[in-house]
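The values are calculated or read from the model by the stated rules, or taken from the named source; none is laboratory data. Not measured: the values here are computed from a predicted model. Note that we place each Cβ from the backbone using ideal geometry, even for glycine, and neighbour counts take in every protein chain shown. Side chains included, ligands, DNA and RNA excluded: accessible areas come from the protein's heavy atoms. Shrake-Rupley method; radii C 1.70, N 1.55, O 1.52, S 1.80 Å.
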Amino acid sequence: MNVVGYLHHADLLLEDEQGMAIIGGGNYVLSLGDKVSLKRMLDPTKNLYLVDISFASNQHDSICEDTWVLKFEGCRDALSRYLSNTTVH
């Protein structure tokens, strides 16, 4: 999935051909165009995933592992509803 935006609390918005995702809580600072691949769930109670990251600034030549919390996964319509329900208006 490609990093396509930033949200509150340092969360990242990801997108690929299958949908959208929001992740947070990682150890790396990611930029637009970086790629994140969910490898496997480490803790189902926290929705914590082991991920692979490749950086656009390095032409995606190397991969780093990190752990991130998956906060949302779904289509654009579901993302719109999620943001509406979780954002203070």
For region 29-71, what are the per-bin percents of Cα-Cα distances with bins 5 Å wide, up to the bin holding the maximum? 6, 25, 28, 20, 13, 6, 2
Work through the residues other than residue 86 whose Cβ is under 12 Å from its Cβ and net out their charges, Lys, Arg +1 and Asp, Glu -1. +1
Expressed per residue, the solvent accessible area of region 6-67 in Å² (1.4 Å probe) is about 61 Å²
By accessible area of protein heavy atoms, probe 1.4 Å, what ranking do 36, 4, 29, 69 get, highest first? 29, 4, 69, 36
Could you please state how large a percent of the accessible area of the chain is carbon and sulfur, counting protein chains only and using a 1.4 Å probe? 51 percent
What distance in nm separates the two pseudo spin-label positions at residue 41 and residue 87, each 7 Å out from Cα along the beta-carbon direction? 2.8 nm
Given 82, 2, 23, which one lies farthest toward the positive end of the charge dipole of the chain, if we put +1 on the Cβ of every Lys and Arg and -1 on the Cβ of every Asp and Glu? 82
If you put +1 on each Lys and Arg Cβ and -1 on each Asp and Glu Cβ, how big is the dipole of the chain around its Cα centre, in Debye rounded to 20? 280 debye
Pulled fully out, how much extra length does the chain show between residue 10 and residue 64, if you take 0.36 nm times their separation in residues and subtract their Cα-Cα distance? 17.5 nm
Dividing the Cα convex hull volume of the chain by residue count, how many Å³ per residue is that? 97 Å³
